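The values are calculated or read from the model by the stated rules, or taken from the named source; none is laboratory data. Since we're looking at a predicted model, the values are computed, not measured. No Cβ is skipped: glycine too gets one built from the backbone with ideal geometry, and neighbour counts run over all protein chains shown.
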Amino acid sequence: MSKRLVNLSDHKFLKMLIRPYRNLFMKTSLVVLAFQSCTHIDLYEKTVTIPGHSWKSSFQPSFTFSIKDTSSAYRIFLTLRHDDKYNYNNIYLNLHTRQPGSDSVRNIPYPITLATDDKGWQASGMDDIYEHRIPLTPAGQSFYFRKPGDYTFTVEQIMREDPLQHVYNVGLRIEKK
């Protein structure tokens, strides 16, 4: 009895092996491409720890990042972590921005809601720590940086309580749309 060896260069044999997996491969490729097209590109993310979980108004974390592409839309987020002992359902902040090549600073006040009576904290949480990712760009609108170069954003808390207790971190996240 002679055994026939399979010749791998035989196209009919390869087609027979691949045929059952062809549809699976195509469907998997389409799913992967669909998910990739919905993702945002992280350009910058930095978080600063608040000393002693007690945010003094004099402590103003700064975030410097570089923008090269001024033709793309961006999304800007503030990240904030606090515990469940935080006394307020909001926070008032000033965002100081400096553009490349400019000595002037633009101040933008942000009244931010962190919780509601109906839904509680508007954040993701684990145990008693809550993390907010707050969009600073209005919903449905695109934000474009005007000039390429280094931008500096500085965050200042302007609450009546100073220092502001039970705040762990504040951060900035920039995504390309």
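Observations, loosely collected:
- Sub-6 Å Cβ pairs linking a first residue in the range 68-97 that is part of a loop (DSSP other than H, G, I, E, B) to a second residue that is surrounded by 15 or more Cβ atoms within 10 Å (Cβ to Cβ), at least 6 apart or interchain, are Thr70/Phe145; Lys85/His166; Tyr86/His166; Asn89/Leu114; Asn89/Ala115, ordered by first then second residue.
- So Glu175, is it assigned to a strand (DSSP E or B), farther than 21 Å from Tyr74 by Cα and charged (D, E, K, R): no
- Among the conditions (1) at pLDDT 95 or above; (2) under 30 Å from Gly149 (Cα atoms); (3) touching a strand residue (DSSP E or B) at 6+ places or on another chain (Cβ under 7 Å); (4) surrounded by 15 or more Cβ atoms within 10 Å (Cβ to Cβ), the only one that Ser62 does not satisfy is (4).
- Any hit, the range 91-101, residues being loosely packed, with under 14 Cβ neighbours inside 10 Å and more than 15 Å from Phe153 (Cα to Cα): no
- Residues being in a strand (DSSP E or B) and surrounded by 18 or more Cβ atoms within 10 Å (Cβ to Cβ) - total across the range 125-150: 3
- Scanning the range 107-116 turns up no residue that is in contact (Cβ under 8 Å) with a residue 60 or more places away in the chain and part of a strand (DSSP E or B).
- The set of residues in the range 68-103 being of a type in the set (D, E, K, R) and within 15 Å of Lys176 (Cα to Cα) consists of Lys68, Asp69, Arg75.
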